[in-house]
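Worksheet for the structure shown next.
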Amino acid sequence: MTTFDDILEEAGKFGRFQKRIFALLCIVSMPFAGVYVGVVFQGFTPEHWCRDPGMEQLQENCGLALEKARRLVLPLVNSSAGMLPSQCQRYDVDWNFTDLTCDNLDRDITEAQRAAWPITTCKNGWEYDYEGRESFVTEFDLVCTDAWLVDVFQAILGVGFLVGSISIGYVADKFGRKVSFLVSNVLNALTGILVAISPNYISLVVFRALHGFGVKGGWMVAYVLITELVGVEYRRVVGVLFQMFFSFGLIVLALIAYLIPNWRWLQVAFTVPYIIFLSYYWFVPESPRWLLSQNNSSKAVEIAEALAKENKKTLSKNVKTLKDDNAESATGSFMDLIRTPNIRNYTLILSFNWFTSAVVYQGLIMRLGILGGNVYIDFLISGIMEFPAAFLILFTIERIGRRLPFAAANIVSGAACFITAFIPESLLWLKTVMACIGRLGITMAFEMVVFVNTELYPTFIRNLGVSVCSTLCDIGGIVAPFLLYRLAVIWLELPLIIFGVLAVIAGGLVLLLPETKGVPLPETIDDIEYPNRNKEDTKTSHQLENLLPSDVTTNKEKVVV
């Protein structure tokens with residue numbers, strides 16, 4: 001029986017054929033970045049204040065400057081940044097019936113006089129300092145008591161991710177990678193446009209959830225497809241580089257958002273690539289491994305021959321006996337992930353790390369939208385900081401191992417978040433440097449949890465283990481916006497404290513995991529629960545062999561030969 005890995009030995013493990021497919025599929029990661037964290041620009045909340053029609057008329061008649069008008073209309077409220085004009089209340093005063101005139105508007109109004117004025121909510125709506133940018137926040141007035149609806153906009157995407165990754169993953173296993181990728185992109189193109197033309201907030205959220213349903217599932221299918229086409233030793237590098245294109249997408253996102261300040265047209269820009277990806281149906285082959293799992297060896301042989309031809313290799317006649325190398329493998333259940341103590345510990349630790357990576361990573365990116373600086377520059381610098389993470393992973397995992405870099409990445413990220421929270425604004429350069437270190441650390445941790453997860457589970461529950469643990473990533477994505485935006489109202493730096501605690505705990509838990517560098521992938525639960533048994537058996541075998549007489553040993557060797 002010939003397996004697909006045997007074919008790759010002859011046809012090329014990462015030749016021209018695989019490189020072409022890899023280049024096409026890597027592009028899928030770039031628009032995914034826009035969908036995932038585009039809320040920084042689409043849901044931007046500018047400076048805002050209550051609209052007061054009476055003051056607008058007085059301002060127009062008297063040529064009153066905006067800042068002076070705001071000081072008259074808005075009461076001061078206590079905030080984490082001190083006493084500031086309210087964004088959600090105004091004085092309930094009919095300015096046409098006061099003793100203020102254009103001639104005496106410059107006089108000082110005492111606090112006692114202000115205290116006597118009644119206060120009301122923004123019943124006439126809000127004014128926004130657009131700065132040339134239009135978001136769905138300003139269009140649907142999602143501020144003050146409705147500000148939490150911005151959190152829902154991002155959280156509902158996580159719900160779509162969660163359901164979509166499971167559903168499209170099932171479709172990919174049942175009907176193939178190629179068909180599921182096509183279906184997801186049809187859905188992405190349709191729902192992406194529907195998001196862009198949503199007439200109200202309710203339809204916006206519904207279409208956003210459907211958009212998330214397709215985007216995450218399609219991205220996962222692309223990831224699986226490229227890793228199934230290359231040799232085993234190339235999978236880790238291919239996986240890391242595939243995720244690195246997400247970082248390219250962040251940089252492109254900052255540039256596109258700067259050029260397209262309208263949230264609707266920005267959504268269209270996110271969606272256009274998914275329309276282009278529909279053409280991949282004619283350029284990207286089906287996974288030969290999936291075809292073999294469906295007993296469609298003739299089609300798998302056809303793709304293998306095309307692969308060898310493009311790689312300028314020649315296949316032996318063994319290709320005709322190509323079979324699925326996992327055809328006889330057992331299937332596991334969820335209970336296998338928690339039944340035995342070691343695997344149960346792995347499941348809990350990895351699930352917490354998936355959750356932490358999603359919360360901290362997404363939170364640090366979305367935080368850029370509420371800091372008040374130049375969001376485009378900050379976002380660009382933040383995206384660039386992700387590239388060293390990939391190179392650090394590739395440099396350290398085969399030299400140092402998995403556990404220490406993984407743990408260190410989490411702990412460094414957590415410590416950086418703590419330090420950043422307490423650095424004063426006067427040391428902005430230091431605050432920026434520490435924030436970038438935190439972003440670098442959590443990016444590295446996020447990318448490492450993917451392949452560490454696959455190396456810790458035995459073969460028959462490996463895919464199930466990754467699927468179950470990674471669902472906590474989507475749950476983290478649902479929690480992250482509420483954690484960031486609601487806590488930032490109390491104190492801008494409070495989310496950083498929470499992120500720091502989560503990351504440090506995650507790093508500490510990683511130290512409880514075993515090192516997997518140079519260790520064969522486990523095949524059974526016993527390999528996990530009794531990791532030293534095979535070593536002891538091998539050692540005992542060698543000891544017994546050394547005790548045998550030389551003639552017995554010689555005869556044994558002759559028999560073996």
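The values are calculated or read from the model by the stated rules, or taken from the named source; none is laboratory data. Small disclaimer: the values here were computed from a predicted structure and weren't measured. Quick reminder, even Gly has a Cβ in these numbers, built from the backbone with ideal geometry, and neighbours come from all protein chains shown. We work out accessible area using only protein heavy atoms, side chains counted, and drop any ligands, DNA or RNA first. Shrake-Rupley method; radii C 1.70, N 1.55, O 1.52, S 1.80 Å.
Things worth noting here:
- Residue match in the stretch 290-299 (condition: among the charged types (D, E, K, R) and assigned to a helix (DSSP H, G or I)): yes
- The residues in the stretch 150-170 that are modelled with pLDDT of 85 or more and open to solvent by 30 Å² or more (accessible area, probe 1.4 Å) can be counted, and the count is 6.
One line per residue, one yes/no per condition, for (1) in contact with a strand residue (DSSP E or B) (Cβ under 7 Å, 6 or more places away or on another chain); (2) among the basic types (Lys, Arg); (3) modelled with pLDDT of 95 or more; (4) part of a helix (DSSP H, G or I):
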| position | (1), (2), (3), (4) |
| --- | --- |
| 235 | no, yes, no, yes |
| 239 | no, no, no, yes |
| 254 | no, no, no, yes |
| 270 | no, no, no, yes |
| 275 | no, no, yes, yes |
| 286 | no, no, no, no |
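- Failed item in (1) within 22 Å of residue 334 (Cβ to Cβ); (2) of a type outside the set (S, T, N, Q); (3) not in a helix (DSSP H, G or I), with residue 400 passing the rest: (1)
- For the stretch 198-243, the candidate set comprises residues that are under 15 Å from the mean Cα position of the chain (by Cα) and of a type in the set (Phe, Trp, Tyr); within that set, the residue that is farthest from residue 444 (Cα to Cα) is 213.
- Residue within the stretch 224-232 that is open to solvent by 60 Å² or more (accessible area, probe 1.4 Å) and either free of Cβ contacts under 8 Å to residues at least 60 places away in the same chain or in a loop (DSSP other than H, G, I, E, B) (or both) present: no
- Each residue in the stretch 286-307 was checked for being under 35 Å from the mean Cα position of the chain (by Cα) and under 16 Å from residue 230 (Cα atoms), and 12 of them qualify.
- Within the stretch 252-277, being touching a Pro at 6+ places or on another chain (Cβ under 6 Å) and surrounded by 23 or more Cβ atoms within 10 Å (Cβ to Cβ) holds for one residue alone: 270.
- Test: residue 221 is in a helix (DSSP H, G or I), open to solvent by less than 30 Å² (accessible area, probe 1.4 Å), β-branched (Val, Ile, Thr) and in contact with a Ser or Thr (Cβ under 6 Å, 6 or more places away or on another chain): yes
- The set of residues from the stretch 120-143 being under 34 Å from the mean Cα position of the chain (by Cα) and hydrophobic (A, V, I, L, M, F, W, C) comprises 126, 136, 137, 140, 142, 143.
Matching residues to (1) β-branched (Val, Ile, Thr); (2) touching a His at 6+ places or on another chain (Cβ under 7 Å); (3) crowded, with 23+ Cβ neighbours inside 10 Å:
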{"position": "410", "(1), (2), (3)": "no, no, yes"}
{"position": "421", "(1), (2), (3)": "no, no, no"}
{"position": "429", "(1), (2), (3)": "no, no, no"}
{"position": "434", "(1), (2), (3)": "no, no, no"}
{"position": "437", "(1), (2), (3)": "yes, no, no"}
{"position": "451", "(1), (2), (3)": "no, no, no"}
{"position": "460", "(1), (2), (3)": "no, no, no"}
{"position": "475", "(1), (2), (3)": "yes, no, no"}
{"position": "486", "(1), (2), (3)": "no, no, no"}
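- Pairing residues of the stretch 472-486 that are more than 18 Å from residue 208 (Cβ to Cβ) with residues that are modelled with pLDDT of 90 or more and of a type in the set (Asp, Glu), at Cβ distances under 8 Å and at least 6 apart in sequence or on separate chains, gives 486/151.
- Verdict on residue 209 being without any contact (Cβ under 8 Å) to a residue 60 or more places away in the chain and either assigned to a helix (DSSP H, G or I) or of a type in the set (S, T, N, Q) (or both): yes
- Qualifying residues in the stretch 378-388 (those that are assigned to a helix (DSSP H, G or I) and touching a residue at least 60 places away in the same chain (Cβ under 8 Å)) - the one most open to solvent (accessible area, probe 1.4 Å): 384
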